[in-house]
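Quick notes on the structure that follows.
Please treat every number below as a calculation from the coordinates, not as lab data. All figures in this text were calculated on a predicted structure; none of them were measured in a lab. Note: ideal-geometry Cβ built from the backbone for every residue, glycine included; neighbour counts use all protein chains shown.
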Amino acid sequence: MCATATASRKLIKKWAGELQVGIWERCDWSVRLYPDRAVARMPFVKWVNNSGSLDESYQRITGPKHAQLLALAQAEIEDDADYSPEACELADRSW
């Protein structure tokens, strides 16, 4: 029997907030941090011909960006502060 790798389901941290995307002022974003990965949900404007509509993109974050998010979660605990803007920026740069 072959052993398969399964993704961790233990949520370490969730950051969420709102940002402006194009003409839409209150668009929700989130970053869910797990021990082996992070999952970012970011809004964006999807253009088809000359028409733009609001859409969402999901991105799995691993490697160095994931390590930075883990460090950010630890710093948030140590500093007793909210680092949601930093988490959004790190996840947004990973696209």
Margin query: Running a GNM on the chain with Cα contacts under 10 Å, which residue among Glu78, Glu56, Glu18 ends up with the highest mean-square fluctuation?
Written below: Glu78
Next item on the list: Could you give log10 I(q)/I(0) at q = 0.10, 0.12, 0.14, 0.20 Å⁻¹ for region 13-92, computed by the Debye formula over C-alpha point scatterers of equal weight, without solvent?
Entry: -0.27, -0.37, -0.49, -0.85
Check: Say each of Trp47 and Trp24 gets a label point 7 Å from the Cα, pointing the same way as Cα to Cβ; how far apart are those two points in nm?
Finding: 1.7
Item checked: 14 Å beta-carbon shell around Lys46, net charge (K/R +1, D/E -1) -> -2
Next item on the list: Go ahead and estimate [θ] at 222 nm for the chain from helices alone: -39,500 (n - 2.57) per DSSP H run with n ≥ 4, summed, over the residue count, rounded to 500.
Entry: -8500 deg cm²/dmol
Notebook entry, point to check: What net charge is computed for the residues neighbouring Lys14, neighbours being all others with C-beta under 14 Å from the C-beta of Lys14, Lys and Arg scored +1, Asp and Glu -1?
Noted result: +3
